Amino acid sequence: MEINGMELNALAVAGIIIGIVVLYILSCIRFIYEYERAVVFRLGRVLEKPKGPGIILVFYPIDRMERVSLRIRVNDVPSQDVITRDNVTVKVNAVVYFRVIEPQQAILEVEDYLYATHELSQTTLRSILGQSELDELLSERDRINRHLQEVIDSQTDPWGIKVSAVEVKHVDLPDSMQRAMARQAESERERRAKIIHAEGEFQASAKLRDAAMTIEGHPMAMQMRFLQTLVDVGSENNSTLVFPVPIDLFSVFLKQNGSPPAQSDEIEPSVA
């Protein structure tokens, strides 16, 4: 069977056309990762649902594709000069964790959702911290972080972005304020030390009062305590010990001998 020249030309043209079609289809294949979604515009209108993950076909130039990552992004907010409510200037930086939950809204509602979220985080940080006092900024960090997260999330929600957390990382205080806080902390420590010392003196006086009331009902307890004190003092390396001896110690012996007790209250012998 013979094939003339016209048929050969037709077959060649058909083969070229088929090859072009195959190459075009291969060029339209796109791979979308598990953490990505593709927002496709067909003739300028967005498709109903984002495509992906897996293999998708994007027919250029009819279609145009925008990749959107669904992973959590970390936005480092640089140091901001903030004037607190009590007129203290501080430098504060923070970090914002957010992710895209609605790819179509992130592409349609805002031109650059990453840049918009970054700028919104900076302005919100200055605004919220400017409403707080310095002591609140230092001691109530968790409450301020939650407030920042709620405010930023409410403003990015129309963009299809969910802000999961906001953390204030560092608060840089002026040197003069650091010295003032150091003096305040030192004064506070001294006040607490004096209060503790006064409470100790008060408790000691109460115990001494109870001991005096106990000894008042038992006179010999005073003598036993006196002798115990002599034993404690005598345990030291002393060459000479001078101590007063109450006359009550000899009253028992004087009564046994029938002699009247001495008129003097106490004597002071010297023991070498």
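The values are calculated or read from the model by the stated rules, or taken from the named source; none is laboratory data. Since this is a predicted model, take the numbers as computed values, not measurements. For neighbour counting, all protein chains shown are included, and Cβ atoms are generated from backbone atoms with ideal geometry for every residue, glycine included.
Odds and ends about this structure:
- As for the stretch 182-189, it holds no residue that is at pLDDT 90 or above and over 20 Å from Val74 (Cβ atoms).
- Spans of strands (runs of 3 or more DSSP E) in the stretch 63-157 with at least 3 residues touching a residue at least 40 places away in the same chain (Cβ under 8 Å): 73-83, 89-100
- Only residues that are out of contact with any helix residue (DSSP H, G or I) (no Cβ under 9 Å at 6 or more places or on another chain) and of a type in the set (S, T, N, Q) were counted in the stretch 94-125, giving 3.
Conditions tested, residue by residue: (1) under 28 Å from the mean Cα position of the chain (by Cα); (2) of a type in the set (A, V, I, L, M); (3) surrounded by 11 or more Cβ atoms within 10 Å (Cβ to Cβ).
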| position | (1), (2), (3) |
| --- | --- |
| Leu108 | no, yes, yes |
| Tyr113 | no, no, yes |
| Ile144 | yes, yes, yes |
| Pro158 | no, no, yes |
| Ile161 | yes, yes, yes |
| Val171 | yes, yes, yes |
| Arg179 | yes, no, yes |
| Ile196 | no, yes, no |
| Glu201 | no, no, no |
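- Subset of the stretch 136-165 [more than 20 Å from Val74 (Cα to Cα) and either at pLDDT 90 or above or in contact with a Ser or Thr (Cβ under 9 Å, 6 or more places away or on another chain) (or both)]: Glu136, Leu137, Glu140, Arg143
- When residues in the stretch 4-34 are screened for being within 30 Å of Pro53 (Cα to Cα) and either part of a strand (DSSP E or B) or not acidic (Asp, Glu) (or both), 16 of them pass.
- In the stretch 115-142, of all residues being of a type in the set (A, V, I, L, M, F, W, C) and under 30 Å from Met65 (Cβ atoms), the one that is surrounded by the fewest Cβ atoms within 10 Å (Cβ to Cβ) corresponds to Ala116.
- Condition check for Ser132: in contact with a Lys or Arg (Cβ under 7 Å, 6 or more places away or on another chain) and at pLDDT below 90: yes
- Per-region count, the stretch 96-147, residues farther than 14 Å from Val168 by Cα and not polar (S, T, N, Q): 22
- Matching option when the condition is surrounded by fewer than 15 Cβ atoms within 10 Å (Cβ to Cβ), among the hydrophobic types (A, V, I, L, M, F, W, C) and under 30 Å from Glu111 (Cβ atoms), among Phe41, Phe31, Phe98: Phe31
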